[in-house]
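Taking it in order: structure first as structure tokens, then the write-up.
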Amino acid sequence: MKAVRIHEYGGTEVLRFEDAPDPQAGVGEVVVKVKACALNHLDLWVRQGLPKAPALPHILGSDIAGEVVAVGPGVTGVALGTPVLLQPAVSCGICPACLAGKDNLCKEYGVIGAKTLGGNAEYVKVPQANLMPLPQGLSYTEAAAIPLVFLTAWHMLTDRAQLRPGEDVLVIGAGSGVGSAAVQIGKLLGARVIATASLDANLAKARELGADDTINHARQDIAEEVRKLTDRKGVEVVFEHVGPAVWDKCIAALAKAGRLVTCGATTGSTVQLNVTLLFGRQHSLFGSFMGTKSDLLEVLPFFSQKKLKPVVDSVFPLKETAAAHRRLESRAQFGKVVVVPE
Ligand code: ZN
């Protein structure tokens, strides 16, 4: 098959469009013909060899929609030709965490395209447990734009920060895939959404997705604007995935007893924490990583109901995956960058 593989870690020049072995379905596995695969910031980290470098050569790509073309021994009830959307992570399925429906706490947990070979290829093999029906009314490209960012944002706002109707939520970086998901989920849960972005065009798009208020974090002070918008109260919840570039302003934007939830650190890993502020204002900090299989099952029906929508920024042919990576690195995108085999 054709695939984009990396044989070393580095810049976009390490992405090679070339022939690779066809995947063979093992016990309990299926092979899916990839129709669309969305990129995530994770692809950039893995390409650079962070945080846990997979064996080489490697195929990136976690968010995959396609069609079942082969099933391995022990797979039952899966017809060839079935259109599917894939759960983006694998886990052991039998440990206490997995059996409690908290598979993202499993010791064996890993993301497709990071831990296993991914979807920047014509075919990918995954466990049968990762198959989900393609949501009705969505194209493969739209469906591929859903899994990782929506399950992550859903897990952050529901399971972790427990956003309530009527609360104010500050969504950092609404132009990113996870930010554009959080804006929509915040509205769905009945909160007032204040969204930030660095480009005015992306603030306008955030409003189209439902954001009530917007802040240009390149030229406005996030904490000051939040205080103005909330009559000095601050927001109950901050949705964060950027790290040091915005951290202090995010803490300053929190209301008393506010909760900050983070799933990423795209500008670096280390921040300063003012402990006096933490206990004095009774803040809570939540770390969140991916989400569970059941998070994705919970969130998918909202797409058929048109209450949530995938946000596709751009589509690139598989052989131009390097250009797709550069689009993501530009931070000018709004929503997901998707790669499709020709
Ligand atoms: Zn497990």
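Details
- Looking only at region 98-113, and only at residues there that are near the ligand (Cβ under 10 Å from one of its atoms) and in a loop (DSSP other than H, G, I, E, B), the one that is farthest from the chain's Cα centre (by Cα): ALA100
- LEU203 vs. criteria assigned to a helix (DSSP H, G or I), without any contact (Cβ under 8 Å) to a residue 40 or more places away in the chain, outside the structural domain of GLU329 (by TED's automatic domain parsing) and in contact with a His (Cβ under 9 Å, 6 or more places away or on another chain): no
- Among the residues here, LYS293 does not qualify as under 22 Å from GLU142 (Cβ atoms), loosely packed, with under 14 Cβ neighbours inside 10 Å, in contact (Cβ under 8 Å) with a residue 12 or more places away in the chain and among the charged types (D, E, K, R).
- Long-range neighbours under 9 Å by Cβ, at least six apart or interchain, first residue surrounded by 19 or more Cβ atoms within 10 Å (Cβ to Cβ) and modelled with pLDDT of 95 or more within region 71-99, second of a type in the set (Phe, Trp, Tyr) and not in a loop (DSSP other than H, G, I, E, B): LEU85/TYR140
- Odd one out for LEU203 among (1) farther than 24 Å from LEU86 by Cα; (2) buried (at least 24 other Cβ atoms within 10 Å of the Cβ); (3) not polar (S, T, N, Q): (2)
- Restricting attention to region 127-146 and to residues that are part of a helix (DSSP H, G or I) and over 16 Å from the mean Cα position of the chain (by Cα), the residue that is farthest from the ligand (Cβ to nearest atom) turns out to be TYR140.
- Count - residues of region 247-291 that are among the β-branched types (Val, Ile, Thr), at pLDDT 95 or above and not in a strand (DSSP E or B): 5
- Here SER269 qualifies as out of contact with any Asp or Glu (no Cβ under 9 Å at 6 or more places or on another chain) and more than 24 Å from VAL124 (Cα to Cα).
- Put simply, of VAL149, VAL124, VAL183, VAL226 the only residue that is surrounded by 24 or more Cβ atoms within 10 Å (Cβ to Cβ) and in a strand (DSSP E or B) is VAL124.
- Near pairs, Cβ below 6 angstrom, 6+ apart or cross-chain, from region 141-154 (over 12 Å from GLN184 (Cα atoms)) to any residue that is basic (Lys, Arg): ALA145/LYS336
- Residue count for region 56-97, restricted to those that are part of a loop (DSSP other than H, G, I, E, B) and either within 16 Å of the ligand (Cβ to nearest atom) or not polar (S, T, N, Q) (or both): 20
- Failed item, numbered, when LYS233 is tested on (1) basic (Lys, Arg); (2) farther than 19 Å from ALA174 by Cβ; (3) free of Cβ contacts under 8 Å to residues at least 40 places away in the same chain: (3)
- Yes/no for TYR123 being touching a Leu at 6+ places or on another chain (Cβ under 8 Å), modelled with pLDDT of 95 or more, among the hydroxyl-bearing types (Ser, Thr, Tyr) and closer than 22 Å to ILE59 by Cα: no
The values are calculated or read from the model by the stated rules, or taken from the named source; none is laboratory data. The model shown is predicted, which means the values in this text are computed figures rather than measured ones. Don't worry about glycine lacking a Cβ; one is built from the backbone with ideal geometry, like all the others, and counts go over all protein chains shown.
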